[in-house]
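The values are calculated or read from the model by the stated rules, or taken from the named source; none is laboratory data. This structure is a prediction, so every number in the text was calculated from the model and none was measured. Note that we place each Cβ from the backbone using ideal geometry, even for glycine, and neighbour counts take in every protein chain shown. Please note that ligands, DNA and RNA were not included when accessible areas were found on the heavy atoms of the full protein model with its side chains. Shrake-Rupley method; radii C 1.70, N 1.55, O 1.52, S 1.80 Å.
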Amino acid sequence: MSVEALKLDNVKKNFAGTEIIRGLNLSVAQDERHAVIGPNGAGKSTAYNLITGRYQVSSGKVFLKGEDITNLQPYEVKRKGLSRSFQITNIFPKMSVFENVRCSLLWAMGYKYSFWHMVGNQSKLNNDAEEIIEELNLKDRRNTLAGVLSYAEQRALEIGITIAGGSEVILLDEPTAGMSVSETEYIVGLIRKVTEGKTLLVVEHDMGVVFDLADRISVLVYGEIIATGTPTEVKENQAVQEAYLGAAMEEH
Amino acid sequence: MAPPTFGIEFITQKEVYFLIAFWVLLSTFCMYLFTQTPVGKMANAVRDNPERAEFVGYSQRWVRYVSFCAAGFFAGVAGALFAINYEILTEQNLNLNMSFQVLLATYIGGVGFFLGPIFGAILFTLLQTVIGLQTDLWALYTGLVFIFMVMFLPAGLTGLFAMHMIPIQLGRVGMLIKPYSKIFLPGLAFVIGIIALIELINHVRHHGEEQFMTLFWVEFDTTSFVPWVLFALMTIVGFYISRIFAKEVAEAWGEATFVEGERR
Ligand SMILES: Nc1ncnc2c1ncn2[C@@H]1O[C@H](COP(=O)(O)OP(=O)(O)OP(=O)(O)O)[C@@H](O)[C@H]1O
Ligand SMILES: [Mg+2]
């Protein structure tokens, strides 16, 4: 078997003495679409924050394509090819949609801290930005300030910023939270399209979306993974039924 | 003494003026170019949302560092021109007061907009020279304007214009015209009233021997109670009416900038 795209090895995290992540083991294969489900407060977002360097782990290791990325800075993690979205929309509100996307492309396209390129003249950069905006279905909002977009549009832009630059591993945190049925469909379609050929890890509460998107599912309860497997395996798992899915499935 | 450049010695006011004008324009142009570079764009992004900037691959510290270096470069140009113009440099040119003035001009004009500091510097110099000729209290007024800006318009004057891009983009500027025109007169009365009171007090305290003073092109008797009552009334009434209308402005603003389905 080839090396895993993402691997967590016994990762732990304490906040003020309370263990929130209690020995997390997770491995996501190359090109797999992997969903993480679990009740509120289970530690899903915290796990993302540990992987992407927003928080420092208390112990344990995180590997990206076999390389140790434990406790790197968020920008270093991104440069190594892992990009994430946020549960609470985290865009550049006072910049236009176009600028949001273009800024997200800059590092990946090798501009670094350049002060000798004029971004306006970089045709590949600008074309790529336009293409992403078209994929997001935000073409007529191109020059709108991101802070003024509707919630669903902001969520789409959130994904756009995440996938811009072509990171190989994409982490999405509740991309469809708070959306209507039709908006959810639009976002799921978008996720499918833009994560084609990439490794996807997605946290999601909507079981419809999870079973629709995921090749494999991990169930995170109270800081630990209690089960991992294909959607069918997870659905039939007794422990999952008791801890989480039973209640979650009834809602639907 | 350095040899003349192209036969110009930069001694006359005119020569110095054109030398400075040239460098100011050139520097402004270069600064504009800087904003159009990758690191310039990311400086915007870092200001807007430093955390997300890190998640698109940029260290906010480095972006700030590069911006700081660029700022230092242009400050160096300004310093050189200052020396040529005034032919003297003392501790005063480096003290807190100087730094504060530059900061003040920037704030009044508007941080976060290319034209903001330019606009601020022009306005600040005008305040200093024009108002400075009219009253001894120009520093007080600049300070008051600064406090007002920080409290109510943290984005500065240019920010005030830029703020209106939102209702414009939403096609709802029309909703603001009525409340704005309503608050204009009482607001103006309040400002004139309070300035008049301040000037009156200043006059009595420092030029008490002169009975008459001129304010806003009107001469009046400072020993009579009429101007005092009149200006106090203007201030109080203007303040109360403005406050009532300010609510309407705030409501209209909320409506004009409301975005469907927005959740925070
Ligand atoms: N910075 C922090 N300091 C202290 N406690 C924290 C911090 N961040 C998260 N927690 C705690 O960690 C627990 C897990 O939070 P987390 O946001 O990871 O949950 P989640 O699984 O993403 O839940 P949800 O489905 O509601 O998004 C919660 O009890 C939360 O209060
Ligand atoms: Mg969460």
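Below are the figures for this structure:
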{"quantity": "Single match in B:Tyr58, B:Tyr107, B:Tyr86 (criterion: buried (at least 18 other Cβ atoms within 10 Å of the Cβ) and farther than 30 Å from A:Arg79 by Cβ)", "calculated": "B:Tyr107"}
{"quantity": "Output for segment B:222-264, where each listed residue is in a loop (DSSP other than H, G, I, E, B) and either at pLDDT below 75 or in contact with an Asp or Glu (Cβ under 8 Å, 6 or more places away or on another chain) (or both)", "calculated": "B:Thr222, B:Thr223, B:Val259, B:Glu260, B:Gly261, B:Glu262, B:Arg263, B:Arg264"}
{"quantity": "Contacts under 6 angstrom Cβ, first residue in segment B:165-187 being farther than 10 Å from B:Ala252 by Cα and away from chain A (no Cβ under 14 Å), partner open to solvent by less than 70 Å² (accessible area, probe 1.4 Å) and hydrophobic (A, V, I, L, M, F, W, C), 6 or more apart", "calculated": "B:Lys182/B:Phe245; B:Ile183/B:Phe245; B:Ile183/B:Val249; B:Pro186/B:Ile241"}
{"quantity": "Boolean, A:Ala146 is closer than 19 Å to A:Thr195 by Cα, among the small types (Gly, Ala, Ser) and open to solvent by less than 40 Å² (accessible area, probe 1.4 Å)", "calculated": "no"}
{"quantity": "Complete set of residues in segment A:99-125 that are open to solvent by less than 20 Å² (accessible area, probe 1.4 Å) and out of contact with any Leu (no Cβ under 8 Å at 6 or more places or on another chain)", "calculated": "A:Cys103, A:Ser104, A:Ser114"}
{"quantity": "Among the candidates A:Val148, A:Val169, residue that is more than 9 Å from chain B (Cβ to nearest Cβ) and β-branched (Val, Ile, Thr)", "calculated": "A:Val169"}
{"quantity": "Selection count where residues are more than 17 Å from A:Asp31 (Cα to Cα) and among the hydrophobic types (A, V, I, L, M, F, W, C), scope segment A:191-210", "calculated": "2"}
{"quantity": "Segment A:220-238, residues that are part of a helix (DSSP H, G or I) and open to solvent by less than 70 Å² (accessible area, probe 1.4 Å)", "calculated": "A:Pro231, A:Val234"}
{"quantity": "Residue satisfying condition, being basic (Lys, Arg) and under 19 Å from A:Leu200 (Cβ atoms), within set A:Lys44, A:Lys13", "calculated": "A:Lys44"}
{"quantity": "Condition broken by A:Lys13, with the remaining ones in (1) within 26 Å of A:Thr232 (Cα to Cα); (2) near ligand 1 (Cβ under 10 Å from one of its atoms); (3) assigned to a strand (DSSP E or B) satisfied", "calculated": "(1)"}
{"quantity": "Residue list for segment B:34-47, restricted to those being within 7 Å of another protein chain (Cβ to nearest Cβ) and open to solvent by 30 Å² or more (accessible area, probe 1.4 Å)", "calculated": "B:Phe34, B:Gln36, B:Asn44"}
{"quantity": "Considering residues of segment A:64-74 that are open to solvent by less than 60 Å² (accessible area, probe 1.4 Å), without any contact (Cβ under 8 Å) to a residue 24 or more places away in the chain and of a type outside the set (A, V, I, L, M, F, W, C) only, the residue nearest to the other protein chains (Cβ to nearest Cβ)", "calculated": "A:Pro74"}
{"quantity": "Count of segment B:223-235 residues which are surrounded by fewer than 17 Cβ atoms within 10 Å (Cβ to Cβ) and in contact (Cβ under 8 Å) with a residue 12 or more places away in the chain", "calculated": "4"}
{"quantity": "Cross-chain or 6+ apart pairs with Cβ under 8 Å, segment A:80-99 first and at the interface with chain B (Cβ under 10 Å from one of its Cβ atoms), then among the small types (Gly, Ala, Ser) and open to solvent by 20 Å² or more (accessible area, probe 1.4 Å)", "calculated": "A:Ser83/A:Gly165; A:Ile91/A:Gly147; A:Pro93/A:Gly147; A:Lys94/A:Gly147; A:Lys94/B:Gly112"}
{"quantity": "Every residue from segment A:103-123 that is closer than 22 Å to A:Asn143 by Cβ and more than 7 Å from chain B (Cβ to nearest Cβ)", "calculated": "A:Leu105, A:Met109, A:Asn121, A:Gln122, A:Ser123"}
{"quantity": "Scan of segment A:193-216 for residues that are within 13 Å of ligand 1 (Cβ to nearest atom), assigned to a loop (DSSP other than H, G, I, E, B) and open to solvent by less than 10 Å² (accessible area, probe 1.4 Å), ordered by number", "calculated": "A:Glu204"}
{"quantity": "Residue check, A:Lys139 away from ligand 1 (no atom under 16 Å from the Cβ), under 21 Å from A:Lys78 (Cα atoms) and either basic (Lys, Arg) or within 11 Å of chain B (Cβ to nearest Cβ) (or both)", "calculated": "no"}
{"quantity": "Flag for A:Arg33 being of a type in the set (D, E, K, R), within 16 Å of ligand 2 (Cβ to nearest atom) and either within 19 Å of the chain's Cα centre (by Cα) or within 14 Å of chain B (Cβ to nearest Cβ) (or both)", "calculated": "no"}
{"quantity": "Listing of strands (runs of 3 or more DSSP E) fully contained in segment A:26-127 that carry 2 or more residues being closer than 30 Å to A:Val209 by Cβ and more than 16 Å from ligand 1 (Cβ to nearest atom)", "calculated": "A:59-64, A:82-84"}
{"quantity": "Complete set of residues in segment A:14-30 that are open to solvent by less than 10 Å² (accessible area, probe 1.4 Å) and either within 16 Å of ligand 2 (Cβ to nearest atom) or touching a Phe, Trp or Tyr at 6+ places or on another chain (Cβ under 9 Å) (or both)", "calculated": "A:Ile21, A:Leu24"}
